[in-house]
1. Just one of (1) in a loop (DSSP other than H, G, I, E, B); (2) of a type in the set (S, T, N, Q); (3) open to solvent by 20 Å² or more (accessible area, probe 1.4 Å); (4) closer than 17 Å to residue 143 by Cα trips up residue 30, so point out which.
2. Scan (1) without any contact (Cβ under 8 Å) to a residue 40 or more places away in the chain; (2) surrounded by 21 or more Cβ atoms within 10 Å (Cβ to Cβ) for the single condition residue 133 breaks and write down its number.
3. Which residue pairs have Cβ atoms closer than 7 Å, lie 6 or more positions apart in sequence or on different chains, and pair a first residue in the stretch 62-89 that is part of a helix (DSSP H, G or I) with a second residue that is open to solvent by less than 30 Å² (accessible area, probe 1.4 Å) and not aliphatic (A, V, I, L, M)?
4. Any idea how many residues of the stretch 118-138 are touching a helix residue (DSSP H, G or I) at 6+ places or on another chain (Cβ under 7 Å) and assigned to a helix (DSSP H, G or I)?
Amino acid sequence: MITPPAGARAGIGPAVPVLDLPSSLAAARTAVRFTAEGTPDDPGPRVVRADELGGLVVLAEAVRPGSEPVPDVRALERAAASAPWMLATLDAVATSSSLRAAAAALTVHHSTLQDRLAHAETLLGWSVHDPSGRLRLQVALALRRLHRQSTTA
């Protein structure tokens with residue numbers, strides 16, 4: 001796996017013949033928009049492969065510089081402002097196979113995670129305990145990354 005230097009991000013385009021390099025570059029530019037710093041304030045992957053994005057590319061096409069964040073992203077930002085652990089916790093829940101796995105990734109007791117999620121769900125306005133709520137959280141986190149990238153790109 002490619003690991004960029006500290007603080008750097010990488011979007012990786014698909015392997016293509018030389019004549020198709022411009023399309024691979026365009027795909028890599030889209031992929032880099034889904035990256036994060038990998039910090040508590042900006043949790044998520046620092047390296048994203050374009051060929052693993054699938055339908056998420058549609059989100060990148062919809063989020064352009066100056067576009068207004070959807071209510072779920074605004075709710076996520078409000079929740080993030082409430083506690084320094086919020087985004088890392090929500091990212092772990094969104095990307096882990098279970099709540100116990102998320103607690104382990106965060107190195108907190110599962111009951112601590114449950115308390116954090118109760119607080120988060122109150123601020124978000126939806127549950128992250130069921131599949132549809134976790135999907136909603138995953139989409140909100142992806143949209144947040146896209147909006148943050150569109151303001152810095």
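1. (1)
2. Only one criterion is unmet by residue 133, namely (2).
3. Correct list of pairs: 73/144; 73/147; 76/144; 87/43; 88/43.
4. Residues in the stretch 118-138 being touching a helix residue (DSSP H, G or I) at 6+ places or on another chain (Cβ under 7 Å) and assigned to a helix (DSSP H, G or I): 7 in total.
For (1) among the polar types (S, T, N, Q); (2) under 15 Å from residue 148 (Cβ atoms), each residue gets a yes or a no:
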{"site": "22", "(1), (2)": "no, no"}
{"site": "28", "(1), (2)": "no, no"}
{"site": "32", "(1), (2)": "no, yes"}
{"site": "37", "(1), (2)": "no, yes"}
{"site": "52", "(1), (2)": "no, no"}
{"site": "63", "(1), (2)": "no, yes"}
{"site": "68", "(1), (2)": "no, yes"}
{"site": "73", "(1), (2)": "no, yes"}
{"site": "82", "(1), (2)": "yes, no"}
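The values are calculated or read from the model by the stated rules, or taken from the named source; none is laboratory data. In this text the structure is predicted, and so the values were computed from the model without any measurement. Backbone-built Cβ (ideal geometry, glycine too); neighbour counts: all protein chains shown. In case anyone asks, the SASA skips ligands and DNA or RNA and just uses the protein heavy atoms, side chains included. Shrake-Rupley method; radii C 1.70, N 1.55, O 1.52, S 1.80 Å.
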